[in-house]
Every structure is written in structure tokens, then in C-alpha cells.
1. Could you go through the stretch 167-176 and let me know if any residue there is modelled with pLDDT under 95 and open to solvent by 10 Å² or more (accessible area, probe 1.4 Å).
2. Go through LYS128, LYS119 for me and flag whichever is more than 10 Å from GLU46 (Cα to Cα) and either in contact with a helix residue (DSSP H, G or I) (Cβ under 9 Å, 6 or more places away or on another chain) or not β-branched (Val, Ile, Thr) (or both).
3. Return yes or no: is LYS143 touching a residue at least 60 places away in the same chain (Cβ under 8 Å), open to solvent by 30 Å² or more (accessible area, probe 1.4 Å) and not in a loop (DSSP other than H, G, I, E, B)?
4. Only one residue in ALA131, ALA163 is crowded, with 22+ Cβ neighbours inside 10 Å, at negative phi and assigned to a helix (DSSP H, G or I), so which one is that?
5. Within the stretch 31-61, count every residue that is within 16 Å of the ligand (Cβ to nearest atom), surrounded by fewer than 22 Cβ atoms within 10 Å (Cβ to Cβ) and either assigned to a loop (DSSP other than H, G, I, E, B) or hydroxyl-bearing (Ser, Thr, Tyr) (or both).
6. Which count do you get for residues in the stretch 129-154 that are touching a strand residue (DSSP E or B) at 6+ places or on another chain (Cβ under 7 Å) and within 21 Å of VAL104 (Cα to Cα)?
7. Scan the stretch 1-54 residue by residue and report those that are among the aliphatic types (A, V, I, L, M) and touching a residue at least 60 places away in the same chain (Cβ under 8 Å).
8. Out of the residues in the stretch 85-106 meeting the condition of being outside any loop (DSSP other than H, G, I, E, B) and away from the ligand (no atom under 13 Å from the Cβ), tell me which one is most open to solvent (accessible area, probe 1.4 Å).
Amino acid sequence: MKTGADGLQDIQTEMGDCTLCKLSEQRKTIVFGSGNPNADLMFIGEGPGADEDEQGLPFVGRAGKKLTEIIEKGMLLDRERDTYICNIVKCRPPGNRDPEKEEVASCKPFLLKQIQAVKPKVLVALGKPSASTLLGRSVAITKERGTWHEFEGVPLMLTLHPAYLLRAYTLENRQAVHNDMKLVLEALKK
Ligand code: URA
């Protein structure tokens with residue numbers, strides 16, 4: 001299997017105009033992923049929202065701006081250069097509902113291949129649906145954030161979703177994400 005940009009290109013070609021699940025019926029665009037195809041750090045969100053569906057890029061709406069701020073102001077990294085960002089499902093769930101089991105199951109092989117192509121040193125799951133999908137069980141994200149796990153042999157950190165952070169913008173939650181990202185930075189230095 002090819003890695004980096006060529007690997008990602010092959011996966012996108014394989015996806016084509018995917019109709020494996022019903023999310024394809026209402027989407028405008030497939031939101032595949034963005035950033036550095038060889039990044040050490042990979043963030044995995046839940047699914048595209050309206051802005052992402054419109055632009056075909058992940059995390060470009062309000063939650064995306066918050067994520068960019070976490071990466072650039074909090075971690076002092078460059079979003080495009082230092083990270084690769086994608087989602088559990090590549091098409092927008094109508095009304096931003098959580099993706100359903102079958103939708104996640106249809107899309108997961110593409111995510112797996114993306115991880116194998118990018119070969120990040122560290123994965124970060126953003127929020128409960130992402131963490132639960134990667135760990136294969138229901139994750140209590142507010143309790144389990146800040147803890148290390150492993151996915152396909154890659155260290156996996158769980159943290160709060162930036163949209164949740166915006167909804168519950170408390171000092172406690174902001175500090176939690178800050179601490180989680182500090183752990184990620186330490187792991188990246190290893
Ligand atoms: N929320 C997500 O989980 N992913 C996006 O791409 C945008 C918002």
C-alpha cells in the first residue's frame with residue numbers, strides 16, 4: 001500500500017462518488033480530509049457539518065476555528081503543515097445528528113486506510129462518537145478524556161470535541177483540553 005499523498009489519493013479514488021450508506025443521498029460533497037499527508041499528528045472528528053459539506057473540507061466552521069486555535073495558539077503548531085484532520089464519516093449526517101452504526105461501519109475501512117497512509121505518531125479522537133468508534137465501545141468522554149489508548153498500534157489520546165467545548169466553555173473544560181494537548185505534544189517529542 002502506498003503512503004503519504006499517493007496513498008491518500010488512492011483511497012479517494014477508491015471512494016469515488018461513494019454510495020455505500022444513506023448519508024450519500026443528502027450530502028453535497030464528500031469531506032475526505034485535509035492537512036499534511038505525512039503528519040505526525042492526526043485528529044479524528046465525528047462527521048462534517050453544514051460548512052464542511054459546503055466546502056468539502058473538515059473543520060472549517062465554528063468548531064473548526066476552535067480546533068485551529070487549539071492547534072495554533074495552544075500547541076504552537078501549524079494546522080496545515082503539522083496535522084492531518086479527518087472524520088469518522090465523510091458525509092454530513094442530516095441535521096448534524098450522530099452518525100448511525102451502519103454509516104460508521106461503511107466508512108470505517110476508509111478511515112483505517114487513511115491512518116495507514118498518513119502513519120501518524122499520535123492520534124487524537126475528538127469527542128465521544130470518534131473515541132467510541134476507535135475503541136469499539138461506548139466511551140464516557142468527560143471521564144476518559146486525557147487518557148492514552150491505542151488504535152492499530154498508534155497511541156490514541158481522547159479529548160473533548162471543540163463543538164462541545166464551545167457549548168460548555170468553562171475554565172475546567174478549557175483546561176482539560178489544554179492538558180490533553182500537552183500530553184500529545186510530549187508524546188510527539190518522543
Ligand atoms: N465537527 C466534526 O466532527 N467534524 C467536522 O469536520 C466539523 C465539525
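The values are calculated or read from the model by the stated rules, or taken from the named source; none is laboratory data. All values reported here derive from a predicted model rather than from experimental measurement. Cβ: placed from backbone, ideal geometry, glycine included. Neighbour counts: every protein chain shown. Ligands, DNA and RNA are stripped out before the accessible areas are found, and what is left, the full protein with its side chains, is counted by its heavy atoms. Shrake-Rupley method; radii C 1.70, N 1.55, O 1.52, S 1.80 Å.
1. Within the stretch 167-176, none of the residues are modelled with pLDDT under 95 and open to solvent by 10 Å² or more (accessible area, probe 1.4 Å).
2. Matching residue, one of LYS128, LYS119: LYS119.
3. No.
4. Criteria check complete, one pass: ALA131.
5. Looking only at that region, the number is 6.
6. Here the count works out to 10.
7. MET1, LEU8, ILE11, MET15, LEU20, LEU23, ILE30, VAL31, ALA39, LEU41, MET42, ILE44
8. The qualifying residue most open to solvent (accessible area, probe 1.4 Å) is LYS101.
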